[in-house]
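Since every read-out is calculated from the coordinates, none of them should be taken as a lab result. Bear in mind that the values here come from a model prediction, so they are computed numbers and not experimental data. Cβ: placed from backbone, ideal geometry, glycine included. Neighbour counts: every protein chain shown.
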Amino acid sequence: MGKPGIKTLWWGLWLLGSLALAAWLGMSLLDNDASKSAFLPGAMTHGHHQIELQCSACHDEGFNSQEVLQNACVNCHGEQLADARDSHPKSKFTDPRNANRLANVDARYCVSCHVEHRPELDVGMGVTLPMDMCVHCHQDIGEERPSHQGMAFDTCASAGCHNFHDNLALYEDFLLAHADEPWLSERPRLTPRNLASRMSDADLVALIQGSGTPPADKTVPEHWDGNAHAEAGVACTACHGDADQWVDKPAPLQCAQCHEQENEGFLQGRHGMRLAMELSPMTPSQSVLNMHVEASHRELTCISCHGAHDFDTQKAAVDSCLGCHNDEHSNEYLRSSHHRLWQAEKRGELPPGSGVTCATCHMPRETHGDDVLVQHNQSLTLRPVEKMIRPVCMQCHGLEFAIDALADPHLVEKNFQGKPEHHVPSVDMAVERDKAREGKRGPY
Amino acid sequence: MQYSRTLFATALATLLLSACGGGQESKPAVGIDPQVYTDSLFAVMNADRTNYTKMIIGRLGPAGADSIKPHEYWEDLENGAPLPAQMFRYGAEAVAEVSSDFSYSLQSLWPINSQNAPKTELEKEGLQYIVDNPGKNFYGTEALGDTTYYTAVYPDVAVAAPCAACHNNHKDSPKTDFELGDVMGGVVIRVPM
C-alpha cells in the first residue's frame, strides 16, 4: 500500500507543480506589466535588447505570420531605408525572374539576414548579418569588373566599399565627383542652427506663451535667466501647466509639444526607443556599452542631457554624453583634435561651428528647406559606419579620407587620433575605370 | 500555343472601372485573352514613358528649357530629374509594392546594369526575337519557381536621340552604336497563370 501512495503523491506534486507553472506563465502573458523574460527564446541583439520584453513590438498579437514580423521591421526602419535609397528594396526580389535567387536568400524579408534571439551571430553591426550575402547574386563580379578579381567573398561589405542597403556615399559617380578633395576642407564649419526662427509659427507662439499663471508658491528657478527658453519668452505654464493643472515634473515627452521633430528622432534612437514603446525611460544600466557606474540609474529623457531649466546645448553636446558613456571611443575624445577645436571655440578663439563635439558627429545638423535641425536619433548613422560619411564627415573632410578613417576600427576607437592605417581603394578604382571612357560623356 | 481565355478579367475590369470612378457593383467574371491584358498594360506603360521622355525631359531638359537635369543620380543634383528608364523602373517597383497580379521590367541584351540582362530562357528568346523582328512582340509561357507565367516581351525603341546617345556613351554599356529608332531592349510583362 505504501508504494502506490508515494507514487500518487509524486504524481500529485507533479500535477500541482505543472498547474502552478502554467498559471504563472499564463498570468505573465496576460498581465501587461509582468515580465515576459521567461518567454524569450534567446537574448536580443544590441539593436533591440532594450525592448526585448515588449514582445508585441515585433510580434504584434501572434507568432504565425512572416508578414507581421516584416511589417514590424518596416514600421520602425522603413523610412530610414527609403531615405538611404535602399540599394536592395523588397521590390527587387519580388520579381518572378529572381525566384531562383530567393531559394538561396529570401531577401523579401528582413529576418532572412537579420535573425533575432541569436546574439551570438552578431558580427558587430548591432544586428545579425550573414557574411556571404553578396556572393549569392554577385559571384560573377570579377568577370564584369576585372579590378574585383581575387577579392574574398566576405570583403564586399566589410572593407569600406559597399553596403547592402545604404550606398549613398559609396556609389561610383559619387566617388568620382569627390575624387580630388583634400583630407580637410579649407573652412571646416558647421551650419548654424536656426531653431528660434522655426518658433515663429502662430500655434507654437501660443504654446510658448502658455496659459494661466503658476501657483503662487512657485519661484523662478536658479538657472533660468539667460537660457534659450527665457530669451524666447517661454512661460513656466507652457511646460508645467497653469495653476490648476500644475505639475512639478512634466512628463518625459512634454518637450515634444514644441520640439516635435527633435522628439521624433529621439524616440527612434537607442536613447528614446523604450519611451516610444511606452516602456519606462532607458537607464545606462540597460546599455550594452560601458557606462559610468554612478550614472547607472539615470533615466534618459530630454532633460537628462539638456537640463531641466538651463537648457545648455554646450553641456548637452559633450558633458551630458560623457557623464554616462565610459567606453574607449568616448573617453579618447577628450584627447582628440576634435575636442581641442571645441575647447578653442568655447574660449572664443575660433568662430562658432568650428569645434567638434559628440553631438557634431552623432547628432548631425540636417537641412530641411530653410530649417537646420539637429537629428536627435543618435543611432541613425552608427552602423554601418559609412552612413556617417555624407551627413557628418564630409561637412569638414574629403570623401577619400572619410572612407579610410571609418574603415579603420582602431582609429575609430581612438577617436580619430592619428591617421588611417589602410587605404580603401574605392576612389582610385572609380577614377581608373573612368579613364577608360576616353572622355566620352552622355548628353546629360 | 493555346492560352487560357478566362484569365484576369476581374483585375483589368476593376482597373478600368475604378479609373472611371465607378465599379462598385460586382460584375460576373468574363474572359479576356492574356495577350490583350499584357498588350493593354504595355500600351499604358509605353504611352506614359514616351510622354515623360518628350514632354518633360525633352521640353525642360538640356534640349529644351534646360531647367532640369536628367541624370542617373538625379537625387544628388539640384533640379535633378530621373531618366525615362528610371521613371519606368520606379513604376515597376511601385506596382510590385501593391500587386503580385502582374510584374514588369525593362531588360536588354546590352544592359547598362548587368542585373537587367535576360535571365530566363524565355526572356533570352523573347529579347532576341524582338531585335530580329522589328515591330513584333513576343509571347510565351514559362515556369519559375512553382508558378507558371504568361510572359510577353515588347520592343523598347529609342524614341529620342538622347536615348541612343546616353546608352552609347555610358561607361557600362556593352553596345555603343545605337541609333534613333533602334530596339535597345524590351519590356517584359509577366502574369501568373
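Table for the structure above
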read-out: Sites B:S67 and B:N169 - FRET efficiency at Förster radius 25 Å, r taken between beta-carbons, to 0.05; value: 0.65
read-out: Principal axis dimensions, largest first and in whole angstrom, of the protein assembly as shown by Cα; value: 94, 88, 57
read-out: For segment B:9-192, diffusion coefficient by Stokes-Einstein and Kirkwood Rh (Cα), 20 °C, 1.002 mPa s, µm²/s; value: 120 µm²/s
read-out: Pairwise Cα inverse-distance average, inverted: Kirkwood Rh of segment A:49-167 (Å); value: 16.0 Å
read-out: 25 Å Cα-Cα threshold exceeded, pairs from A:K92/B:K54; A:K387/A:K435; A:K387/A:K414; A:K249/A:K315; A:K315/A:K419; value: A:K92/B:K54; A:K387/A:K435; A:K315/A:K419
read-out: Normalised convex hull volume, segment A:301-366, alpha-carbon set, Å³ per residue; value: 96 Å³
read-out: Placed amide H near A:M282: partners under 5 Å, 5+ positions off or other chain; value: A:R274, A:L275, A:L300
read-out: Geometric extent, Cα atoms of segment A:221-297 - Rg, Dmax (angstrom); value: 15.3, 44
read-out: Least to most buried among A:R335, A:R193 (fewest other Cβ within 10 Å first); value: A:R335, A:R193
read-out: Test item: Cα-centred dipole of segment B:9-192, Lys/Arg +1 and Asp/Glu -1 on Cβ, debye; value: 280 debye
read-out: Cβ crowding within 10 Å averaged over residues, with B:30-42, B:147-159, A:64-76 ranked highest first; value: B:147-159, B:30-42, A:64-76
read-out: Sequence of A:H136, A:H77 once ranked by neighbouring C-beta atoms within 10 Å, starting from the fewest; value: A:H136, A:H77
read-out: Point-charge dipole on Cβ atoms (K/R +1, D/E -1) for chain A, about Cα centre, debye to 20; value: 820 debye
read-out: 30 Å tail of the calculated P(r), segment A:195-396, as % of Cα pairs; value: 25 percent
read-out: J(HN,Hα) series, segment A:319-326, from Karplus relation 6.51 cos²θ - 1.76 cosθ + 1.60, nearest Hz, glycine and proline x; value: 4, 4, 5, 6, x, 10, 6, 9
read-out: Over segment B:63-125, equivalent-ellipsoid semi-axes from the Cα gyration tensor in Å; value: 27, 16, 9
read-out: Protection proxy ranking, peptides A:386-395, A:108-117, A:144-153, average beta carbon neighbours within 10 Å, highest first; value: A:386-395, A:108-117, A:144-153
read-out: Proximal charge balance of A:L267 [Cβ under 14 Å; K/R count +1, D/E count -1]; value: -3
read-out: Segment B:39-94: GluC sites (Glu not before Pro) in DSSP loop, at most 15 other beta carbons within 10 Å; value: B:E78
read-out: Segment A:49-167 - charge dipole about Cα centre, Lys and Arg +1 at Cβ, Asp and Glu -1, debye rounded to 20; value: 320 debye
read-out: Mean ellipticity per residue at 222 nm, deg cm²/dmol - from DSSP H runs of n ≥ 4 across the protein assembly as shown, formula -39500 (n - 2.57); value: -9500 deg cm²/dmol
read-out: Cβ neighbours within 10 Å from other chains - mean over A:83-96; value: 4
